[in-house]
Ligand SMILES: C[S@@+](CC[C@H](N)C(=O)[O-])C[C@H]1O[C@@H](n2cnc3c(N)ncnc32)[C@H](O)[C@@H]1O
């Protein structure tokens, strides 16, 4: 890099430089490396083209999901027109930049590349800026990352989403067994970085991103029981003493057996003496089975908060691990593993969906580094589980045919169902270990061995297990299993280009190629009238979209509109060289809710992005 000779700068140039430095508060400084895919947008404009042959429809009442094949910079450009402030949740798993996993200007960036962090930051900044525009004010972004770029990504996100919108940096335990050949530490975790578009300052704030609690698990509920047959049901007990000392709360309690008890030194009881008497009368204090123990408070399962506050520690038992992700992909697409080896587990993405979206409200989930399509799979499974109406929009390039040979077939099979070689497990032996049973340990073990030998030839594999004090023996048989389809609809688009609009003819070209963009923006995909050069009409269950490619076809299009269902609103996009709205022309059609000139409506968005790019 050549050194700059400031002595040759003019006074104006130096003032500009100083002003720039004054503006810089703190943050990352890197050499911005030009990117060909971004530069392409100064001479051409991105559009979308549908590949009709890949459309999947199983149930019109379910949301229409979208898969876009192409560079995500171009896809995000188009989504800025179709989905500005419409996305509820973004989940991305970008290349980690660990050397060999990240392409810049069509070249793999390796570990020795001196500019590898600069390239990665330039790449991510452009995409995150475009992505931020898509989030609703209640939306959030979850980004998986590891140590290679975690620190840089955090500072970059502070710049783009602002520090006050930082929500958490979650630690996900991606591996379950340590790597003993590690030079120093065996790396067991990745991070999930979370930013809201607009974070609440306190839980009760209206508006902003809302984090839902986690469903209580059976395991949590198992800690409750009812040893005294309390009519309020299962309970567990908690400490009646607290560490903050107060003289008033330091009194003697007589247990039912007649013993006097005091709080431990430096502690006092949790309530006043009078409140304790009320609680004893209400059978809310537990002195143990024989009434002789230090008092404890009974906490009833029926009274605990319904869901659980999530923590930033996500174990592999709860959300899966790398190996599980590979097995999932292998199960649904047996040949995929050889091509793609860095998927995320479905359970990890489902945990994010559970926390950041609700089954009671339709929501749109975007993943613009979709890879093998785990996010799609997780959205379909989560909707199936809780009856939610989440829609996914996935974007992936076609590196090693990942879009066409992995992501799309995976979604297709998840929607339609598939056969796979699975394990059918039969429980052959089960024994709970208690202190009393330890004496009979040898007897239990020889019984276990006996059953093992008896079944050795009957199963493909015998699996022993010791978990939660239970000894189990499973017999596993490989069998052809069918995974039923989760249902859903999909449209497949590819990014494409038209020339940058410089002439009136370029305007006509962009409008002629804008049908998919407009249908996607409005969510109306069913043609009422199509394949004509002058105008087209599309619909969904709730509305129509009319696209008038030629201003001379307004009268003809109006005639067609008069035949439509008058209770459904119509959005109209009408060709105009000079941004005119033609509002008067549609005054007599009462269900028209929106009229926009094209290509101006699209160009306006694209111009803003181009300005943004220069910042
Ligand atoms: C780490 S993988 C994501 C894996 C994904 N989470 C899964 O479970 O399968 C990143 C993916 O992003 C894709 N990708 C990388 N750069 C891209 C770009 N500029 N545009 C679109 N996709 C890109 C790669 O092809 C790769 O499949």
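All of the numbers you see were taken from the coordinates with simple rules; none came from a lab. Keep in mind the model is a prediction, meaning the values are calculated, not measured. Because the Cβ atoms are built from the backbone with ideal geometry, glycine has one as well, and the counts that use them run over all protein chains shown.
Summing -39500 (n - 2.57) over the DSSP H runs of n ≥ 4 in the chain and dividing by its residue number, what mean residue ellipticity at 222 nm do you reach, to the nearest 500 deg cm²/dmol?
Working: 17 runs with 177 residues, N = 615.
Mean residue ellipticity, 222 nm, calculated: -8500 deg cm²/dmol.
Quick check on the chain: of the DSSP beta bridges with both residues there, what percent are antiparallel, nearest 5%? Before the final figure, lay out each step's value.
Working: 69 of 104 bridges.
About 65 percent, rounded to the nearest 5.
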### Task
On a C-alpha basis, how far is the centre of segment 468-525 from the centre of segment 99-166 in Å? Whole number, if you could?
24 Å
### Query
Along each of its three principal axes, how wide is the spread of alpha-carbon positions in segment 499-614, in whole angstrom units, largest first?
46, 27, 26
#### Entry: Cα-projected label distance for residue 607 with residue 164, points at 7 Å along beta-carbon direction, nm
3.2 nm
### Query
Alpha carbon centre of segment 319-355 versus segment 6-35: separation in Å?
45 Å
### Message
Assuming 0.36 nm per residue, please report the length gained on full extension of the stretch residue 57 to residue 331 beyond their Cα-Cα distance.
### Response
96.3 nm
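Per Stokes-Einstein, at 10 °C and 1.306 mPa s, what whole-number D in µm² s⁻¹ belongs to the chain, with the Kirkwood radius over Cα pairs as the hydrodynamic radius? Provide the component values of the computation, followed by the final result.
Details: Rh = 29.2 Å.
Translational diffusion coefficient: 54 µm²/s.
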### Message
If I stretch the segment between residue 218 and residue 306 completely, what's the gain in nm (0.36 nm per residue apart, minus their alpha carbon distance), one decimal?
### Response
30.4 nm
### Query
Gain in length, residue 12 to residue 458, computed as 0.36 nm per residue apart minus the alpha-carbon separation, to one decimal in nm?
151.9 nm
## Note on the structure
In vacuo Debye sum over C-alpha of segment 419-483, base-10 log of normalised intensity I(q)/I(0) at q = 0.12 Å⁻¹, listed in q order, is -0.37
### Rounded to 10°, Cα long-axis angle of helix 147-161 versus longest principal axis of the chain
60 degrees
### Task
Compute the distance in nm between two label points, each set 7 Å from the Cα along the Cα-to-Cβ direction, one at residue 274 and one at residue 110.
8.0 nm
### Task
Report the FRET efficiency, 1/(1 + (r/R0)^6), for residue 467 and residue 21, where r is their Cβ-Cβ distance and R0 is 60 Å, rounded to 0.05.
0.50
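Rounded to two decimal places and with Rh computed the Kirkwood way over Cα pairs, what is Rg over Rh for segment 219-303?
Values: Rg = 13.3 Å, Rh = 13.6 Å.
Rg divided by Rh gives 0.98.
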### Query
Quick one: Cα centre-to-centre distance for segment 190-224 and segment 397-459, in angstrom?
32 Å
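Relative contact order of segment 91-157: what whole-number percent is it, with Cα pairs under 8 angstrom and at least 6 residues apart? Let's see the in-between values first.
Values: 52 pairs, mean separation 28.1, N = 67.
This gives 42 percent for segment 91-157.
Kindly state, to the nearest 0.05, the FRET efficiency for residue 526 paired with residue 505, given R0 = 30 Å and r defined as their beta-carbon distance. Show your work: numbers first, answer last.
Values: r = 31 Å, r/R0 = 1.03.
Efficiency, rounded to the nearest 0.05: 0.45.
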### Estimated distance in nm for a label pair at residue 358 and residue 201, the labels positioned 7 Å out from Cα along Cα-to-Cβ
2.4 nm
### Summary
For the chain, longest principal axis from Cα atoms; helix 72-82 axis from its Cα atoms; angle between them, nearest 10 degrees, is 80 degrees
### Message
At R0 = 22 Å, how high is the FRET efficiency between residue 182 and residue 150 if r is their beta carbon distance? Nearest 0.05 is fine.
### Response
0.75
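With the contact rule set at Cα under 8 Å and sequence spacing of 6 or more, what percent relative contact order holds for segment 507-575?
Values: 96 pairs, mean separation 18.3, N = 69.
Once normalised by length, the contact order is 27 percent.
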### Query
To the nearest 10 degrees, how steep is helix 11-23 against the longest Cα principal axis of the chain, on a 0 to 90 scale?
30 degrees
### Query
In percent, what relative contact order does the chain have, based on Cα pairs under 8 Å that are 6 or more apart in sequence?
17 percent
